[in-house]
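Here the structure comes first, spelled out in structure tokens, and everything after it is commentary.
The values are calculated or read from the model by the stated rules, or taken from the named source; none is laboratory data. Keep in mind the model is a prediction, meaning the values are calculated, not measured. FYI the Cβ positions are ideal-geometry reconstructions off the backbone, even for glycines, and counts take in every protein chain you see.
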């Protein structure tokens, strides 16, 4: 598929075919491409928790949707997704990298980061995975996790790794695209400003 086609076809999907597993080599390609994201100082401060086994996916839903609370994602159909990937940002990798001699910042100098690149770069990786999903003719949804500690506790993720959200992946079911788009896409002239705002 051409890159422009991938970008034009990218949508969020909330319903998946529960009877079509995603081949392992396809998942490996998606995750591999997520490691190709830009990385400030080549710190590479990210990690991916990949959940494909039914018991792991069930544990994810139990951990992120505590009993007695509303469905965190607003979409119980997401539970049919055969793949869940949790992108995790590792701040300390950036602080350590920028304290090295070629960067020259003091150890643990957070003030250098007006916009924390550990989140930006991890989001870049998530987007590369979302684009790869389209190229593989699959569907995906990126959504927030209400309480990141639930992921640490349930899956033994080190505290230094902060989940920025989660991505469900699978073969789209009919009517799978997100219903939350209440209006048309903004006109490009409202978004892009040449020379001056």
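Filter segment 103-123 down to the residues that are in a loop (DSSP other than H, G, I, E, B) and either within 14 Å of residue 164 (Cβ to Cβ) or modelled with pLDDT of 95 or more (or both) and list them by number.
Hits for segment 103-123 are 115, 116.
Just need a number here: residues in segment 78-102 that are farther than 16 Å from residue 165 by Cα and either in a helix (DSSP H, G or I) or touching a residue at least 60 places away in the same chain (Cβ under 8 Å) (or both).
Qualifying residue count for the region: 9.
So if I check each of 49, 59, which one is under 14 Å from the mean Cα position of the chain (by Cα) and closer than 16 Å to residue 155 by Cα?
On inspection, the qualifying residue turns out to be 49.
Among the residues of segment 6-37, which ones are over 13 Å from residue 167 (Cα atoms), within 14 Å of the chain's Cα centre (by Cα) and part of a helix (DSSP H, G or I)?
Within segment 6-37, 32, 33 meet the criteria.
Those residues that are part of a helix (DSSP H, G or I), surrounded by fewer than 15 Cβ atoms within 10 Å (Cβ to Cβ) and touching a residue at least 60 places away in the same chain (Cβ under 8 Å), I need them from segment 137-154; list them, please.
153
What residue, among those in segment 42-81 that are surrounded by fewer than 11 Cβ atoms within 10 Å (Cβ to Cβ) and at pLDDT 85 or above, is farthest from residue 15 (Cα to Cα)?
Selected residue: 42.
Kindly evaluate residue 7 against the criterion of being closer than 29 Å to residue 136 by Cα, surrounded by 20 or more Cβ atoms within 10 Å (Cβ to Cβ), touching a residue at least 12 places away in the same chain (Cβ under 8 Å) and in contact with a helix residue (DSSP H, G or I) (Cβ under 8 Å, 6 or more places away or on another chain).
no
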